[in-house]
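Q: Have a look at this one before I ask anything.
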Amino acid sequence: MEAASVVKSVIFAANQYLNHKADKNSLYLQQQLEILIGITVPSSGKSLKFFNTKHLQPTECLTTVIDILCDPHTKPSLLLSCITLLQNLATDDGIRHCLHDAFHLTPALAGILKIQGSARDILSTECVSLLQKVTYGHKLNFQENYMEDLITFTVRQIHGPVHDLTLPSLGLLVNLCRENFAVQSYLKNSENIKALYKVLVSYLSDQNLTVIILALSIITSLSLQEDLGGKILNAKNINQTFQMIFNILMKSDAGVTRGYAVDLFRDLLRNPKIQQSLSRFDRLGSCLENILNLIAASTSESVIKVFELLLLFCRVEGLRSTICKCVLATSPLHDNEYVAQTLRQPIEEVKEPLIAAVHWAGQSTDSHNKAPLYALDFLTEFYEELIYSNTRVHYGIHADLVLPTVLHGLQDPPDQEQAESRRKCCKMVKVIQLLTVFAGEEDTKKKLCKLVDMSLFSGLLEHQFTYNRVALRCNKVVSPDEDWSEYGVDVVLCGLELMEKLKKNLPDVDALFCSTLQDSRLVPFLSAGMTSKDRSRVQTALQMITTASALDNFPVVLLGDTIAANNTRQHERLTASPAQGWQQVNTKPLSMSEYGNKENMPPGNHHRKPEPMEQDASINSIIERMQSGLQTNFQGYMNEIKASEIIDIYEHKLQSLQTKEDQLQDLLDAKALALSQADRLIAQYRSRRAQYEAEAHKMRSMVQDSEKRSEQYRDQLNDVILRGEHLQNELEQLNQEKHKLEEVAAEHKQLTVAYMELSEKFETSEKSLLCLKQEHKTLVEMHEMLNKHNESLKQQHDVASEQLSKLSKQLMEKASELTHTQLMLEEEHAKAKKEQDELEDCLDKVRANLDTTEKAKKKLEQKVSTLERSLQQSEAQVKEKVEVIRELKSNVDKHAQIAALIHSLSSGKSDADSMKS
């Protein structure tokens, strides 16, 4: 069944249910939802592209489903079907974001939980699980009416004993707390915060890895900047925490656990002390090697989190070189033939992490979503470290490994206004940035020049000049997911930067580079780069303008007018919406959580060293900002406030921070004692862990078996229902055929009556024939008498006698034929009576046994057809006999006339004789 027709059926059933909430409509809607659930189930392996929320039918379907969820009178079974459908659809990231942002699913689910209260049934479990999926990666507004009730419900489920709601409630609380200061403050100021901390600390010794990582994430969000966080994550415990997180990353099979573990690392590494502790971690090398091996052993969804973690480590000072050493240690270089053969194999069969990363980078963004983008970011960081850190490796083999694969990413230009076009254009930017890194070394630059030519760059530039919204100055409103114009600007600017590096080796590229800088179509891209918020984009555009200003035909005036027009439009936009302008002016530097993927931030300059995280928290950056920023941005305040006073203020702040640090150290020491006791408890519980895991494995296998049996029973039940419907249809058809046979029997009765009437007519004709025979005898006698008395008329008598003999022969033949036909008709009449009896018996058998109706029907049809033929034949014969009787009557009349003539002649002769005498 086609997916579009199923969606249409669900929409029809939902509208019918919303208009009239009868049990029949509810049951029909639930059946249609079950069909759609079967199509969208993740285990089926089917893509959810048909459920694109930009189309009308999927949007209407989701709207009606959420309207049903918002109805407080909806039955729990129907609610469960709706939530199961949304669970399947939420596996797609695009649909999941739309469910939260566009369809406002979170308030609807929170309302269901409020109605359910403290019930711990399957509906509440599925509802919280769906809330966990939908709210992941979103910051909820604490001012919403449902937030306090939702937080209270979640905390209540966490406080209780471990049950099915515990795990999704922990995940939901992580999503609510992460980077949400209002929710964190609400929980910290609540009365039961100490009890919550105790429960979360107790979960750290749980056997479920996901429970451990979620509990640690909540503790980190609530107490990283508090005294409790300093005690838990002190210098003694931080290494154990690192090791535990790395073990969870390696052992966890679920992508959810791995994702929350990477997010936990991102939260922890915001603290400069934790960054230093990670750099000094003894087992960091072996852990990184294990993480690198996950690149080949992951799916396209889970490998994104692996690359996120590696990119996160690359931005910690000193860790990028360590990662490069681990990659080189686990990925020995091979010849080109081995690499080409390995890249043609499935990703599961690749063993080397570097080749696996190249394999992911060569994949399409249509089929593997963002995994190729993360792989390109990782390769850029890796080769940037190799080339710019003067590491002595053979770059030629690396270029042969990477360049042929990544260059395919430049041969698929993005389409206009499509959802996949943004990722395609982003991949092109990242490929060009990686090629720019390779162009920084002479050996790899030569290999790159052999693989690229002028047509590649001219094709990229012409596509952007022709279809980019910046070049077209298009004012049509387009969804942010479909607008790739910003990345198109990066394609042009980064492409020009790469051409500038290759122009000495490629004369054709040099000529194209100079002609492009003098082309007026480049002006909108330079203007967009100069007025951008991204520093690296502004620097690249400024570098191109500096190079182009030396040329004669560079349109300086047009560039100035375009920049002025862009500034005017931005000023008008800020004036029209002050709140939005304030948000745009007061933008803070991107944190690691906002980075996520380089698709979400403009491409940076990869030739600089990565900056340390959270520079605002360091004292050195504060002093630098005080010395430089105050002179440039706050000159008006310098006339009133002296620098010595500012220094006194900062010294006072530093002293207060030092006292607070001493207090934190005391609290950490106390916490260390508590953690040592916790370690002893963990050692006691480890002995029970194996037993619990075995029991859990048994229970899991039993649950799987029961699920399989239930699925088999469900299939059998569906088959029985279908068979019953089929039999019901056959029964209705047989009843119709029965009515037809009864009509045939009635027609047969009518034919029998007609046959009786014909037989009666036949008897009367037979009687008349006997009368004619007697008259014929009398005529013969009269003929003999006439022969004796009429010798003179002998000749005439001979002729008449001959005619009479012929007529007598014909009459005899007709009489014999009539008798024969009479016998035939009587036999056929007897057969008809027998067949009538057989038909009645067959009808009784049809009523008794429906299975034999088909055979009886065929026999009856054959017999009826024979009867009809026999009746038609009998009617034809009767008609012939009637015609024969008519002919006989006409012959008899003729004979009567002849006899009268003879009689008149004989009477005349006798009169003449008497007169003679």
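The values are calculated or read from the model by the stated rules, or taken from the named source; none is laboratory data. All of these numbers come straight from a predicted model, not from anything done at the bench. Because the Cβ atoms are built from the backbone with ideal geometry, glycine has one as well, and the counts that use them run over all protein chains shown. To get the accessible areas, we keep the full protein, side chains included, count just its heavy atoms, and leave off ligands, DNA and RNA. Shrake-Rupley method; radii C 1.70, N 1.55, O 1.52, S 1.80 Å.
Q: Pull out all pairs, ordered by first then second residue, where Cβ-Cβ is under 6 Å, the residues are six or more apart or on different chains, the first lies in region 318-343 and is outside any helix (DSSP H, G or I) and at pLDDT 70 or above, and the second is open to solvent by 40 Å² or more (accessible area, probe 1.4 Å) and not basic (K, R).
A: G318/S279
Q: Just to be sure, is T257 open to solvent by less than 10 Å² (accessible area, probe 1.4 Å), polar (S, T, N, Q), assigned to a helix (DSSP H, G or I) and within 27 Å of P161 (Cα to Cα)?
A: Here the answer is yes, as T257 does meet what is asked.
Q: What number of residues within region 511-536 satisfy the criterion of being farther than 14 Å from G488 by Cα and assigned to a helix (DSSP H, G or I)?
A: Number satisfying all stated conditions: 11.
Q: Return the residue satisfying two criteria in turn: it lies in region 145-163 and is in a loop (DSSP other than H, G, I, E, B) and closer than 14 Å to L113 by Cβ, and of such residues it is most open to solvent (accessible area, probe 1.4 Å).
A: That would be N145.
Q: Now, a different point. Identify all residues within region 275-295 that are part of a helix (DSSP H, G or I) and free of Cβ contacts under 8 Å to residues at least 12 places away in the same chain; write none if there are none.
A: Residues satisfying the conditions are Q276, S286.
Q: Let me ask you something else. Contact list please: Cβ distance under 8 Å, first residue in region 34-61 and of a type in the set (D, E), second residue at pLDDT 85 or above, pairs at least six apart or on different chains.
A: E34/S81; E60/I11
Q: List every residue pair whose Cβ atoms sit under 9 Å apart, with the two residues 6 or more apart in sequence or on different chains, where the first one lies in region 758-781 and is more than 17 Å from R886 (Cβ to Cβ) and the second, anywhere, is open to solvent by 90 Å² or more (accessible area, probe 1.4 Å) and modelled with pLDDT under 85.
A: Final answer for the pair search is S759/E826.
Q: Confirm whether L741 is part of a helix (DSSP H, G or I), of a type in the set (A, V, I, L, M, F, W, C), closer than 30 Å to G38 by Cβ and in contact (Cβ under 8 Å) with a residue 24 or more places away in the chain.
A: Taking the combined requirement at face value, the residue does not satisfy it.
Q: Between K427, K446, which is modelled with pLDDT of 85 or more, of a type in the set (K, R) and surrounded by fewer than 23 Cβ atoms within 10 Å (Cβ to Cβ)?
A: K446
Q: May I ask you to verify whether L80 is in contact (Cβ under 8 Å) with a residue 40 or more places away in the chain and open to solvent by less than 60 Å² (accessible area, probe 1.4 Å)?
A: Taking the combined requirement at face value, the residue satisfies it.
Q: Of the residues that make up region 268-284, is at least one open to solvent by less than 50 Å² (accessible area, probe 1.4 Å), more than 22 Å from L354 (Cβ to Cβ) and under 37 Å from the mean Cα position of the chain (by Cα)?
A: Within region 268-284, one or more residues are open to solvent by less than 50 Å² (accessible area, probe 1.4 Å), more than 22 Å from L354 (Cβ to Cβ) and under 37 Å from the mean Cα position of the chain (by Cα).
Q: Quick check on my filter: what residues within region 818-839 are over 17 Å from L751 (Cβ atoms), touching a residue at least 60 places away in the same chain (Cβ under 8 Å) and either of a type outside the set (A, V, I, L, M) or out of contact with any Leu (no Cβ under 8 Å at 6 or more places or on another chain) (or both)?
A: Listed by number, the residues that qualify are T821, Q822.
Q: If you don't mind, another one. Based on what the data block shows, is V477 more than 22 Å from L522 (Cβ to Cβ), hydrophobic (A, V, I, L, M, F, W, C) and either open to solvent by 60 Å² or more (accessible area, probe 1.4 Å) or at pLDDT below 75 (or both)?
A: It is true that V477 is more than 22 Å from L522 (Cβ to Cβ), hydrophobic (A, V, I, L, M, F, W, C) and either open to solvent by 60 Å² or more (accessible area, probe 1.4 Å) or at pLDDT below 75 (or both).
Q: Turning to a different aspect of this structure: Out of V878, V864, I need the residue that is more than 60 Å from the chain's Cα centre (by Cα), assigned to a helix (DSSP H, G or I) and in contact (Cβ under 8 Å) with a residue 12 or more places away in the chain. Which one?
A: One residue alone meets the criteria, V878.
Q: Any residue in region 711-731 that is open to solvent by less than 90 Å² (accessible area, probe 1.4 Å) sitting within a Cβ distance under 9 Å of a residue that is not hydroxyl-bearing (S, T, Y)? List the pairs, counting only those 6 or more apart or interchain.
A: Within 9 Å, the pairs are E730/L850; L731/L850.
Q: When you go through S217, S221 one by one, which is the residue that is closer than 20 Å to K188 by Cα, part of a helix (DSSP H, G or I), open to solvent by 10 Å² or more (accessible area, probe 1.4 Å) and among the polar types (S, T, N, Q)?
A: After applying the criteria, what remains is S221.
Q: Output the number of the condition that E742 fails; it satisfies all remaining conditions of (1) modelled with pLDDT of 85 or more; (2) open to solvent by less than 70 Å² (accessible area, probe 1.4 Å).
A: Only one criterion in (1) modelled with pLDDT of 85 or more; (2) open to solvent by less than 70 Å² (accessible area, probe 1.4 Å) is unmet by E742, namely (2).
Matching residues to (1) surrounded by 18 or more Cβ atoms within 10 Å (Cβ to Cβ); (2) assigned to a helix (DSSP H, G or I):
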| site | (1), (2) |
| --- | --- |
| D206 | yes, no |
| I213 | yes, yes |
| K236 | no, no |
| F242 | yes, yes |
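Q: Restricting attention to region 531-549, which residues are open to solvent by 10 Å² or more (accessible area, probe 1.4 Å) and more than 41 Å from the chain's Cα centre (by Cα)?
A: Q539, L542, Q543, I545, T546, T547, S549
Q: Which condition does F142 not pass, out of (1) more than 33 Å from the chain's Cα centre (by Cα); (2) open to solvent by 30 Å² or more (accessible area, probe 1.4 Å), if it passes all the others?
A: (1)
Residue-wise test of (1) open to solvent by 50 Å² or more (accessible area, probe 1.4 Å); (2) within 27 Å of E775 (Cα to Cα); (3) modelled with pLDDT under 80.
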| site | (1), (2), (3) |
| --- | --- |
| K788 | yes, yes, yes |
| H797 | no, yes, yes |
| K831 | yes, no, no |
| K834 | yes, no, no |
| K845 | yes, no, yes |
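Q: Kindly indicate whether any position in region 122-143 is assigned to a loop (DSSP other than H, G, I, E, B) and over 24 Å from S217 (Cα atoms).
A: Scanning region 122-143 turns up no residue that is assigned to a loop (DSSP other than H, G, I, E, B) and over 24 Å from S217 (Cα atoms).
Q: Among the residues of region 186-204, which ones are hydrophobic (A, V, I, L, M, F, W, C) and outside any helix (DSSP H, G or I)?
A: L204
Q: Can you find a residue in region 353-366 that is closer than 19 Å to D400 by Cα and at pLDDT below 80?
A: For region 353-366, residues closer than 19 Å to D400 by Cα and at pLDDT below 80: absent.
For every residue, the table says whether it meets (1) in contact with a Cys (Cβ under 6 Å, 6 or more places away or on another chain); (2) surrounded by 19 or more Cβ atoms within 10 Å (Cβ to Cβ).
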position: T91; (1), (2): no, no
position: G94; (1), (2): no, no
position: L99; (1), (2): no, yes
position: A108; (1), (2): yes, yes
position: G117; (1), (2): no, no
position: C127; (1), (2): no, yes
